[in-house]
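Quick notes on the structure that follows.
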Amino acid sequence: MNPQIVGTEARPAWVGSVSAEVLKLWSLLSNRILLIVPVVMIAGSGGMLAIGLVGRLTDERFAGQEITATPMMFVDSVLWAQIVVAIVAVLAVTNEYTSGQVRLSLLALPTRIPWLGAKALVLGVGGFLVGVIGSAIALGLSAIVLTGTEVGYEVSFGEAALLSVKSGLYLAMIAIFAIGVTALIRHVVAALIAVLALLIVLPPVLSSIPGVSDAVDYLPTIAGRRLISDFETVAQLTPWAGFGVLTIWATVALVLSAVLLKTRDA
């Protein structure tokens with residue numbers, strides 16, 4: 001008996017999988033940059049919007065008009081940041097297939113599901129942190145810039161905190177959805193096209209087609225953005241109901257990819 005093995009316990013598959021995925025994600029400089037970019041995007045656009053509103057106070061074109069703002073306005077760029085988060089999620093899966101590393105990953109995890117689940121968990125947490133941090137900074141900057149000005153704007157700490165968490169939840173689910181779709185396709189170009197089409201291309205295209213425009217409200221981004229945006233839709237989904245629809249999309253994509261992962265070759 002090997003004395004080095006006596007008295008040791010193997011780590012659970014999920015613990016090792018999550019640790020490995022964190023290392024894969026954070027060890028690449030490109031991934032770190034891509035995760036910082038959306039944070040800067042959300043925070044920067046929020047700050048610039050606040051400065052722009054202050055500028056309107058002295059702009060003759062807005063003379064006599066009441067300048068007002070709502071907290072949701074300052075996190076609107078989350079809807080653009082989702083593109084970067086989705087790209088990171090797509091590359092997290094396809095890079096393993098293009099490099100052949102997936103064979104080693106699945107060899108270490110014969111049941112396979114922990115590999116996919118760990119990716120979804122790690123990228124979901126990454127998306128959540130991007131949304132929370134970026135939105136918190138944007139809302140903080142808006143409060144600093146607009147406080148004491150004539151711009152009509154009110155935001156409490158609790159409201160800002162809740163909106164930041166909602167932004168994080170939205171991006172987390174977008175990341176998980178992208179992981180699920182990519183694991184189904186496994187080809188980098190096809191996966192990028194499919195994910196970005198579902199997120200940003202199909203909604204405006206389908207909304208212009210009579211007879212199917214009502215169904216657009218149940219697409220991932222249109223339904224999910226109800227959580228962080230105030231806009232009218234035909235379905236009139238509540239914020240959490242819309243997020244529930246997005247969660248269903250992500251869950252279905254992830255479950256289908258898990259089933260196929262167990263039944264087909266790496």
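The values are calculated or read from the model by the stated rules, or taken from the named source; none is laboratory data. What you are looking at is a predicted structure, and each value in this text was computed from that prediction instead of being measured. Heads up, the Cβs are rebuilt from the backbone with ideal geometry, glycines too, and the neighbour counts pull from every protein chain shown. We work out accessible area using only protein heavy atoms, side chains counted, and drop any ligands, DNA or RNA first. Shrake-Rupley method; radii C 1.70, N 1.55, O 1.52, S 1.80 Å.
Quick grid of which residues meet (1) among the β-branched types (Val, Ile, Thr); (2) at pLDDT 90 or above; (3) farther than 27 Å from Val54 by Cα; (4) within 19 Å of the chain's Cα centre (by Cα):
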residue	(1), (2), (3), (4)
Leu104	no, no, yes, no
Pro110	no, no, yes, no
Leu121	no, yes, yes, yes
Leu141	no, yes, no, no
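Conditions tested, residue by residue: (1) open to solvent by 20 Å² or more (accessible area, probe 1.4 Å); (2) farther than 19 Å from Ile42 by Cα.
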{"site": "Val151", "(1), (2)": "no, yes"}
{"site": "Ser167", "(1), (2)": "no, no"}
{"site": "Thr182", "(1), (2)": "no, yes"}
{"site": "His187", "(1), (2)": "yes, yes"}
{"site": "Leu198", "(1), (2)": "yes, yes"}
{"site": "Leu206", "(1), (2)": "yes, yes"}
ask   = Are any residues in the range 214-231 part of a helix (DSSP H, G or I) and either open to solvent by less than 40 Å² (accessible area, probe 1.4 Å) or at pLDDT 90 or above (or both), and if so, which ones?
value = Val216, Asp217, Tyr218, Pro220, Thr221, Ile222, Ala223, Gly224, Arg225, Arg226, Leu227
request  = Please determine, by comparing only the residues of the range 57-72 that are in contact (Cβ under 8 Å) with a residue 60 or more places away in the chain and in a helix (DSSP H, G or I), which one is farthest from the chain's Cα centre (by Cα).
outcome  = Pro71
request  = Might you check whether a residue that is modelled with pLDDT under 90, open to solvent by less than 70 Å² (accessible area, probe 1.4 Å) and closer than 27 Å to Ala138 by Cα occurs anywhere in the range 247-262?
outcome  = no
remark   = With criteria (1) among the β-branched types (Val, Ile, Thr); (2) surrounded by 15 or more Cβ atoms within 10 Å (Cβ to Cβ); (3) not in a helix (DSSP H, G or I), Val234 comes up short on (2)
